[in-house]
1. Which of the residues belonging to the stretch A:111-123 are within 7 Å of chain B (Cβ to nearest Cβ) and within 19 Å of residue B:177 (Cβ to Cβ)?
2. Is it the case, given these coordinates, that residue B:162 is surrounded by fewer than 21 Cβ atoms within 10 Å (Cβ to Cβ), within 14 Å of chain A (Cβ to nearest Cβ), in a loop (DSSP other than H, G, I, E, B) and touching a helix residue (DSSP H, G or I) at 6+ places or on another chain (Cβ under 8 Å)?
3. Residues to consider are A:419, A:453, A:480; find the one that is in a helix (DSSP H, G or I), more than 10 Å from chain B (Cβ to nearest Cβ) and either in contact with a helix residue (DSSP H, G or I) (Cβ under 9 Å, 6 or more places away or on another chain) or under 30 Å from residue B:297 (Cα atoms) (or both).
4. Please go through the stretch A:348-400 and give me each residue that is assigned to a loop (DSSP other than H, G, I, E, B), touching a strand residue (DSSP E or B) at 6+ places or on another chain (Cβ under 9 Å), within 27 Å of residue A:292 (Cβ to Cβ) and in contact (Cβ under 8 Å) with a residue 24 or more places away in the chain, ordered by number.
5. Among the strands (runs of 3 or more DSSP E) confined wholly to the stretch A:47-136, which include 3 or more residues that are modelled with pLDDT under 95 and within 44 Å of the chain's Cα centre (by Cα)?
6. Report yes if residue A:442 is within 9 Å of chain B (Cβ to nearest Cβ) and either in contact with a helix residue (DSSP H, G or I) (Cβ under 9 Å, 6 or more places away or on another chain) or at pLDDT 95 or above (or both), otherwise no.
7. Does any residue of the stretch B:51-58 turn out to be in contact (Cβ under 8 Å) with a residue 12 or more places away in the chain, part of a helix (DSSP H, G or I) and closer than 30 Å to residue B:187 by Cα?
8. Going by the conditions given, is residue A:108 within 12 Å of chain B (Cβ to nearest Cβ), farther than 30 Å from residue A:27 by Cα and either in contact (Cβ under 8 Å) with a residue 12 or more places away in the chain or out of contact with any helix residue (DSSP H, G or I) (no Cβ under 7 Å at 6 or more places or on another chain) (or both)?
């Protein structure tokens, strides 16, 4: 037969569990806006009853666990999308800067090129004296300066992006270290049979950060330790064991711009497809392609103008020279210093001795309309076979493109690359917003709900207290009987 | 689905941000007056804008070439008119002399006038435009003609210059705009040049009974025809230039219009768009005030 004292115990358990539930509700409210926080819930169960005669008597309530409400499947979906989002966002950051370099308005290279062709036309109109030649020199210098500057800007962007990637690689490694440390604490806690809710939330935040950088998939073991696999190449970057450091460490070869794994002795480059690092790498390779195209343009302009000006490098002074190295690129193209110091070296006519002959200058100004082979490596060969020294004209390649087209192509490729990334980013943002809303609906704290809970627990607490005061009255009754 | 306070705020912020982004875009349009300010706005149209701008810039250059050529051709025309006048006068004088009723003194004065006419033709031949000799071929900085000690029209450099100065008036279309010294010297491209004829007349008039003046008159007639055909050639070129100018201006207008239709904003449309966006934004803000405030706590 249960005594009053054992009922005291039942009431006490009720008080305790309700006060714990109140504590949990208030913890939820306090963390309503904490990053990565998952709402918690007290799991109660009936205490073990004891048998008395032919029935069982309940002994109150036990607190089983404080549970963290989290959907792990949703987590992994989100991580995957964070990686996709990271790809686009990182690419966007780089490509937006390249877009500024390739201006298309009257400050762009196209305008400088048009001005250059017009200057040659001016020279054709007044080939006497130095006036027309000075105009050509200035316009050509504007063009080469702009080329050099653009090349420079791309190089800076290239270097900045590499540094950014390197810092992200470091971030990945330091995140993995932090995650391993947290996993270790979680492991130790769970060995004691306790759920390390808050530590898991913290680890979740770190995993969110990591997933934006590289595409990861995560597996859990029974002690809530995790194994992280980088999904694009299937490389295990963190094992379950919280004591051994990861076998593969992400690293970057700055000289080549390749990212890969370092197993302590060797570096193996890999092809990452998703995540911020992959996005930066992809944008970097695109930027390098733009630079190649710009180099092609510099090469074409310099080669073709020089060719017509000097009848295939046989006579006269070329207007473009190479500042260093052996090939015309956007970086090395420059105005011939000889011409810069003596503009009368610019040949305007067929022979270059007659004052009023501007036919060569006219032929050069008409180069802007000449279609040339798309493959610039064949240009010199093409010129050798298709240049007429008497008319100073180049037979156009009907399947080719003009020099203006080359720049237009670069700008539209820059634009459409960025445009695609922008569109992808918008889609990803919408997708992530939906997933996060779902996650929030599962793990988020609702103030209304918690308030209702608080009231409920307060009432229950009062009810349990009432039980105790009732028991006290019963106790009094019993004691008074004795008196 | 559970709806939490955070999801409400987050939703609200996302929507608000979306409105703001749209507003910023329209604001950008309104302040730049351009529909497209970055290549990624519309890569295809950007490449059209660039080629249109390039065409407009080239067209402007063609227009300046055309205007310059018209000036050049007008000056050529004036000079050739003068030459025609001089040749006609020479013909008149020669005819007079051929009548054979003139005394030696009178013939002498006619001869003097022929010398004057020779010098006049040389002067016309040395007409310059913007500092360039019109009839000099390529050698535009040196006067092409001279009258030597025997009162003969000669090339000052000793030989003719056959250079033709071309100018580009539309893509790939070049027109030679000058009459070179050879054609000026011998417009009818015959065995005798104007110089030969005038010199022969000058020589003949030195004798009491000038001989072969009829042949000279015939030659002068030929030269006159030659100069007149040069004049009509120049006139035709002026007409061609005028037509090219008109076409050029129409083209530029069309190109500019096309460019404007691609890159410029419709200010009325954008302003109205912006107004309605502002209204939506304000509505979102005030709706936010209703959505975000209430919790159960407000009613306890």
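The values are calculated or read from the model by the stated rules, or taken from the named source; none is laboratory data. Given the structure is predicted, the values throughout are model-derived calculations rather than measurements. Here the Cβ is made from the backbone with ideal geometry for all residues, glycine too, and neighbour counts use every protein chain on show.
1. Hits for the stretch A:111-123 are A:118, A:121.
2. On the way: surrounded by fewer than 21 Cβ atoms within 10 Å (Cβ to Cβ): yes; within 14 Å of chain A (Cβ to nearest Cβ): yes; in a loop (DSSP other than H, G, I, E, B): yes; touching a helix residue (DSSP H, G or I) at 6+ places or on another chain (Cβ under 8 Å): yes.
Spelling it out, residue B:162 is indeed surrounded by fewer than 21 Cβ atoms within 10 Å (Cβ to Cβ), within 14 Å of chain A (Cβ to nearest Cβ), in a loop (DSSP other than H, G, I, E, B) and touching a helix residue (DSSP H, G or I) at 6+ places or on another chain (Cβ under 8 Å).
3. Working: A:419 fails: more than 10 Å from chain B (Cβ to nearest Cβ); A:480 fails: either in contact with a helix residue (DSSP H, G or I) (Cβ under 9 Å, 6 or more places away or on another chain) or under 30 Å from residue B:297 (Cα atoms) (or both).
Answer to the selection: A:453.
4. A:370, A:371, A:373, A:374, A:396, A:397, A:400
5. Numbers: elements: A:50-52, A:55-57, A:61-68.
Passing ranges, in order: A:61-68.
6. Details: within 9 Å of chain B (Cβ to nearest Cβ): yes; either in contact with a helix residue (DSSP H, G or I) (Cβ under 9 Å, 6 or more places away or on another chain) or at pLDDT 95 or above (or both): yes.
So residue A:442 passes the test.
7. In the first step, residues of the stretch B:51-58 are kept if they are in contact (Cβ under 8 Å) with a residue 12 or more places away in the chain; the result is B:52-53, B:55-56, B:58.
Adding the requirement that they be part of a helix (DSSP H, G or I) leaves B:52-53, B:55-56, B:58.
Cutting the leftovers down to closer than 30 Å to residue B:187 by Cα gives us none.
Looking through the stretch B:51-58, none of the residues is in contact (Cβ under 8 Å) with a residue 12 or more places away in the chain, part of a helix (DSSP H, G or I) and closer than 30 Å to residue B:187 by Cα.
8. Numbers: within 12 Å of chain B (Cβ to nearest Cβ): yes; farther than 30 Å from residue A:27 by Cα: yes; either in contact (Cβ under 8 Å) with a residue 12 or more places away in the chain or out of contact with any helix residue (DSSP H, G or I) (no Cβ under 7 Å at 6 or more places or on another chain) (or both): yes.
It is true that residue A:108 is within 12 Å of chain B (Cβ to nearest Cβ), farther than 30 Å from residue A:27 by Cα and either in contact (Cβ under 8 Å) with a residue 12 or more places away in the chain or out of contact with any helix residue (DSSP H, G or I) (no Cβ under 7 Å at 6 or more places or on another chain) (or both).
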